[in-house]
1. Is it true that residue 156 is under 18 Å from residue 222 (Cα atoms) and either surrounded by 13 or more Cβ atoms within 10 Å (Cβ to Cβ) or modelled with pLDDT of 75 or more (or both)?
2. Of all residues in the stretch 297-353, count the ones that are under 31 Å from the mean Cα position of the chain (by Cα), modelled with pLDDT under 75 and either within 30 Å of residue 430 (Cα to Cα) or assigned to a helix (DSSP H, G or I) (or both).
3. Do we find that residue 378 is within 24 Å of residue 431 (Cβ to Cβ), assigned by TED's automatic domain parsing to the domain that holds residue 432, out of contact with any helix residue (DSSP H, G or I) (no Cβ under 7 Å at 6 or more places or on another chain) and surrounded by 10 or more Cβ atoms within 10 Å (Cβ to Cβ) in this structure?
4. Report those helices (runs of 4 or more DSSP H) wholly inside the stretch 1-112 carrying at least 1 residues which are under 23 Å from residue 246 (Cα atoms) and touching a residue at least 40 places away in the same chain (Cβ under 8 Å).
5. Is there a residue being at pLDDT 85 or above, under 26 Å from the mean Cα position of the chain (by Cα) and farther than 20 Å from residue 284 by Cβ anywhere in the stretch 43-57?
C-alpha cells in the first residue's frame, strides 16, 4: 500500500543509490567508455589493442592522466600517440620540460595526429580570432623543429573531418606496404616485412637536410612507386625520440594485420624501461576529481584514518541513547550550609589542634592543585620550592605560615597546654589566618 512512509523511504533509497553510483563513476578512470582515439579506445580507431598486447608480453605499461612532467623521471618510455594538436598548442610548457628530460637520457615515442586541412581552425575562435600567440606542434616542442609529418599521397580519399571519432567510417580503405629497416632500427629487418595502414591519407616523415635520423623504417607506396619514411629514430642529447609518421599503424583495426603487432612488440620494448601512454594530451585528466585521488596510496589511507578518528570522536562525545537515568534527589543542605554546620561542630568540640590540622591539609591540597603538582608533592617544602619559581614573596609567606602552623601543632596536644585557653585559640587563629592569606 502506498503510504507517506513508503514514499519517503523510496526517495531516500533512490537518493542514496544515486549518490553511490556517482561516487563509483568518479572513482573510475576517464575512459570515455572506450569511444576515444586513445589507449582506452575499443573502437577500430582506438589503441586498446596495442596497450593490451604490451601487457600480454609482460612489458610494464601504464597510463598517465596527469601532465607528463610528473612522469618524465627515471628510465622509462613516454608515448604520445596521436595527441590532440589543440591541447599541445594550449599547454606546450609540459612538453618543454619533457624535452629537457629527453636530452638527459629519456626516451619518447610520438605519433602526431592527422591535421585538418584548415590548420588554423583549432587555434582560432569565433570570427577567426587567434587564441594563441604562437602555433606549435609536439615535434617542435620535443626539440625536432626541423622534422614534420605530411601526407605521402595526393588528395585524401575521405573527408578530413571523418577523423573525428563519432564520424569515422566503419570499413576504411586499407593497403599493405613492403618495408625495410636501416640504421639503428636495422634489427627489425628480419622481423618486419609488411605493414597494414589506411589508404588515402598515409602520413609519412619529412625532415630538413640538417636533421638526420639514426634509424629508419622505409615503406614503398605502390601508387607513387616511391619510398617513404614510416618510422624514424632521432637522437636528442643523450636520449632519443622515435617518430611514427602514420598513427593508424597500431590502431585496433590494423594491429593484427600483417607484421604490425611484431613491429609494435619490438618498437615499444626496451629492457628496464616501463612504457607510459600519455592521456593528458587526449583531454583525459583527473583534475578536480578527489574521489579518484582517494583510490591512490597514501591518500586513501589518510582519508580512512581521518574518517575513523572522526567516528571515534563522535562516538565518544555523542549522547548515549537508552532508558533515562534516575533523577537525583535534592540535597537537604547547600554547600554553604554544610560548611557552616561543620564549623559549628568543630567549634563546640574545642579541639583546636584538629581544626588547625584539617585547615592546614586543605590549604596544602588547594595550593598543590593550583600549581598542577602530583599528589605525592602535597608537602610544604615541595609547594614552597615550586611556588618560588613563580612568586618568591608568596613562597616566603607560605613557608612562614607553614612553619608557624607546625609549631602550634607541635606545642599543642590533647591534655597538654602551655597557657590559657585564650592563648591557644589566638595562636591557632593566627596560624590559620596566615595559611588562608596564602590561598
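The values are calculated or read from the model by the stated rules, or taken from the named source; none is laboratory data. Source: prediction; values computed, not measured. When we count neighbours, we look across all protein chains shown, and the Cβ atoms used for this are built from the backbone with ideal geometry, even at glycine.
1. yes
2. The qualifying residues number 1.
3. For residue 378, the condition - within 24 Å of residue 431 (Cβ to Cβ), assigned by TED's automatic domain parsing to the domain that holds residue 432, out of contact with any helix residue (DSSP H, G or I) (no Cβ under 7 Å at 6 or more places or on another chain) and surrounded by 10 or more Cβ atoms within 10 Å (Cβ to Cβ) - is not met.
4. Once the helices (runs of 4 or more DSSP H) in the stretch 1-112 are filtered for at least 1 residues that are under 23 Å from residue 246 (Cα atoms) and touching a residue at least 40 places away in the same chain (Cβ under 8 Å), what remains is 48-56, 85-90, 93-103.
5. no
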